[in-house]
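Below you'll find the structure, written out as structure tokens, and then a few comments.
The values are calculated or read from the model by the stated rules, or taken from the named source; none is laboratory data. The structure displayed is predicted, hence computed values, not measured ones. Cβ: placed from backbone, ideal geometry, glycine included. Neighbour counts: every protein chain shown.
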Amino acid sequence: MKIDHIESIVNYLNKVLKNVICSALVAICFSLSSYAQVASHSACQDHYLDGNYVKAIECFSDYLRNHPKDADVLHYRALCYYAVGDYPLALSDLNNAIKNHNRKAASSKEELYTSRAMFFVAIEDYDEALKDYATAIKTNPKSTDALFNRANLYYLLENYAASDADWEQAIRIDSKNVNAQVGLARNMIARGEIEHAIRELDRLERLDFRNPHVYQYRSQAYSTIGNYRKAIDDLINWCYFDDFDDYNIMERAMFYYAEYEPIYAIAKVSEKVVNDSDNKIYWLYLRTTLYEGNEMYREAIEDYNAIEALISSPQISILYNRGKLYTEIGEYNRAIADFDESLKFQEHPSLFLNRARAQQLKGDYKLAIDDFTKVIELDPMNSFAYYMRGWTKEFDKDFQGALKDYTTSIELERDYAYTYLARGRLYQLRLDQFQLSEKDFLTVLSLENEITKSGNCRQYALFHLGRFDEAIAHQNAILEKHPSSGNYYDATCLFSLMNRPVDAIKYLRLAFEKGYRDFIHMENDIDLNNIRNTSEYIKLVEEWKYKTAELTSQVTESETRQTQKYVVKTKELKSGVYEMPCTVNDLPLKFIFDTGASDITISSLEAAFMLKNNFLSEYDFRDRRNYRTASGDIVEGTKVRLRKIRVGDLELNNIEASVVHNQNAPLLFGQSALGKFVKITIDNKNNEITFEY
């Protein structure tokens, strides 16, 4: 279930319930069998219990070659086939187990019919499942297992009267069975009898306060009537009392409730972080989910750091999730470091994909393209990797390559609206193919009819089609439903495209206040061209860059990061200045070390060469509209972003430089780079400069 398309928790829990029932039944069926009966193949059982189902199947099959009519072993092998998803062979084994069942078998006939019913449920043959449940119940009228499972199946089929009858029969067999009474309350919730269900679950809590299902379904009932605080309370109690390994259902429910009561949800989970030391790691994990959902990325990172400190060995999940959070706050080097470390454990497509995203935002387009290509090699059907690689190629001015990737992405996934938008804009803005662009924009409108928490693009398609009022109305509807930082940034882009700078700046300020910090993306985003050089935009961005840098330095100090020293060999020129080798965006150059220069400076000749040979792209220039004259010369005083500067073993990223008109002017290594260092020491005797960073 994607966060962007989260559904009602009631529907979600109901959908999941079938798998929960089936898994539980597998365990019940296996545990009811006699080990004494099959002592000669206990090793096969060990394989099953260890989750090595293929080995278990091989082992049971060897046994069945000599004992082909052993109902118990046929039953066990059926369970193994079920575990690996081979339902036809599982059903075949169960049919033979039922056919060959005798009094010596450890598995009862009721168990075999109940197991076969479970398989029919798995393949959605509900009529046959109900027949087998009926046979199982007829075989042993006093057993509640088949009654429970049939009651749950009736619930899924929305036959609540029949489900009630089975729960009531189970209660007549065992009047103290709280789970059967919870089943009746769950049916009340499904019928909309919420208050009645809550009163009944209140009574059951007094009867058995440790029963997790009481809290599970009362939480569902409270959420149905919009009482999310009590729903959160019960959800936490459900988690506390339930002994299950997969917490995803509970986490998704909490995430859903927290959309309505975010502060309360975080506070309740924080209370558990403090008071439940036995499960502190789990509660920290849950809180990271809530922090992330509320765009509190730094707080989430701190929790991942706390988890890492509590775990003795590195965890790929921590590295992966923390890396994504570092990307969100624009700390791309830290993000890449986490992804690098995680890739030492496993070369998984999602790790390469997220590292590529961080590299793209950092401006390392070649490295990003390499990583997106690696994703495609590992997962050839990954349409999103093609889309992202196309977007990166567009930044790198490979427009035909971008078009090819966008088209491949669409062929693999024809329902993702953003790819059509990207290709439509490429057709319109770069390739002058206006009919094809219009077709893509209209496809966006046909695909995107609902507003989601993020990833909306209908408003952009409306803009490019010239339907401005509709675009504004749709953007306003998005913000009314989901006032997140990303959606405010989208509003900024839309109003910038419309050349309405006052509105664009207003929404950008709100985006920053909500937590938006992707400054490098903003520098590359052509949607902002109409406001980029306004004094209001420059002042606002600088203000928030300063606030972000201040916060980042506080975090860095709290981590007590050790500085490192980098020694660079230099050459003293006749004029008394030092020349040192550097690479800029992988191009080897020589700079004059100049503490008096405010910026790194490069000549217009060097800038033109770098642009022509793809060491710079037009996206690296602050004013993309006016950075070149009609003759192709780079305008004097133009500000340019150098994505990567290497000085010896040290790499600096996203350093601002100035272009000077004198084509023979030396390249100066000035304060825009020097200001990044803690300390600089010059050794005149050995012609060395030591940079402490």
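Let's see how each residue does on (1) under 14 Å from E606 (Cβ atoms); (2) surrounded by 15 or more Cβ atoms within 10 Å (Cβ to Cβ); (3) modelled with pLDDT under 70:
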position: D623; (1), (2), (3): no, no, yes
position: R628; (1), (2), (3): no, yes, yes
position: L642; (1), (2), (3): yes, yes, no
position: E651; (1), (2), (3): no, no, no
position: N662; (1), (2), (3): yes, no, yes
position: P666; (1), (2), (3): yes, yes, no
position: A673; (1), (2), (3): no, yes, no
Query - All positions within the range 398-456 that are outside any helix (DSSP H, G or I), among the hydrophobic types (A, V, I, L, M, F, W, C) and touching a helix residue (DSSP H, G or I) at 6+ places or on another chain (Cβ under 6 Å) - result: I451
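For every residue, the table says whether it meets (1) under 25 Å from S313 (Cβ atoms); (2) charged (D, E, K, R); (3) at pLDDT 95 or above.
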residue	(1), (2), (3)
K344	yes, yes, no
L361	no, no, no
K366	no, yes, no
I369	no, no, yes
F372	no, no, yes
P380	no, no, yes
Query raised in the report: If you scan the range 569-584, which residues turn out to be of a type outside the set (K, R), part of a strand (DSSP E or B) and more than 25 Å from L616 (Cα to Cα)?
Result: E572, Y578
Query - I311 vs. criteria farther than 27 Å from N654 by Cβ, surrounded by 19 or more Cβ atoms within 10 Å (Cβ to Cβ) and not acidic (D, E) - result: no
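Residue by residue, here is whether (1) over 21 Å from L642 (Cβ atoms); (2) surrounded by fewer than 19 Cβ atoms within 10 Å (Cβ to Cβ) holds:
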residue: L319; (1), (2): yes, no
residue: L325; (1), (2): yes, no
residue: I329; (1), (2): yes, no
residue: Y332; (1), (2): no, no
residue: I336; (1), (2): no, no
residue: L343; (1), (2): yes, yes
residue: A358; (1), (2): no, no
residue: D364; (1), (2): no, no
residue: T373; (1), (2): yes, yes
Query raised in the report: Got a number for residues in the range 308-336 being in a helix (DSSP H, G or I), without any contact (Cβ under 8 Å) to a residue 12 or more places away in the chain and small (G, A, S)?
Result: 2
Query raised in the report: Within the range 224-232, is there a residue that is touching a residue at least 24 places away in the same chain (Cβ under 8 Å) and in contact with a Ser or Thr (Cβ under 7 Å, 6 or more places away or on another chain)?
Result: yes
Query raised in the report: Just one of L325, L378 is closer than 27 Å to Y291 by Cβ and either touching a helix residue (DSSP H, G or I) at 6+ places or on another chain (Cβ under 7 Å) or not basic (K, R) (or both); which is it?
Result: L325
Query raised in the report: Quick check: anything in the range 582-594 modelled with pLDDT under 80 and surrounded by 11 or more Cβ atoms within 10 Å (Cβ to Cβ)?
Result: yes
Report task. May I ask you to list the residues in the range 203-257 that are aromatic (F, W, Y) and within 20 Å of D276 (Cβ to Cβ)? Result -> F209, Y215, W238, Y240, F241, F244, Y247, F255, Y257
Report task. Filter the range 586-603 down to residues that are more than 43 Å from the chain's Cα centre (by Cα) and hydroxyl-bearing (S, T, Y) and give me whichever is nearest to H661 (Cα to Cα). Result -> S603
Query raised in the report: Which residues, taken from the range 595-621, are surrounded by 19 or more Cβ atoms within 10 Å (Cβ to Cβ) and of a type in the set (V, I, T)?
Result: I600, T601, I602
Query raised in the report: When the range 91-146 is examined, which residues are found to be of a type in the set (K, R) and surrounded by 15 or more Cβ atoms within 10 Å (Cβ to Cβ)?
Result: K109, R116, K131
Query - Selection count where residues are among the acidic types (D, E) and under 20 Å from the mean Cα position of the chain (by Cα), scope the range 374-399 - result: 1
Requested in this report: May I ask you to say which residue of S446, S437, S454 is of a type in the set (G, A, S), at pLDDT 95 or above and surrounded by fewer than 19 Cβ atoms within 10 Å (Cβ to Cβ)?
Outcome: S446
Query raised in the report: How many residues are of a type outside the set (S, T, Y) and either buried (at least 24 other Cβ atoms within 10 Å of the Cβ) or closer than 14 Å to I189 by Cα (or both) if we restrict to the range 207-231?
Result: 9
Query raised in the report: Any idea which residue in the range 477-505 is farthest from Y537 (Cα to Cα), counting only those that are charged (D, E, K, R) and out of contact with any helix residue (DSSP H, G or I) (no Cβ under 8 Å at 6 or more places or on another chain)?
Result: K481
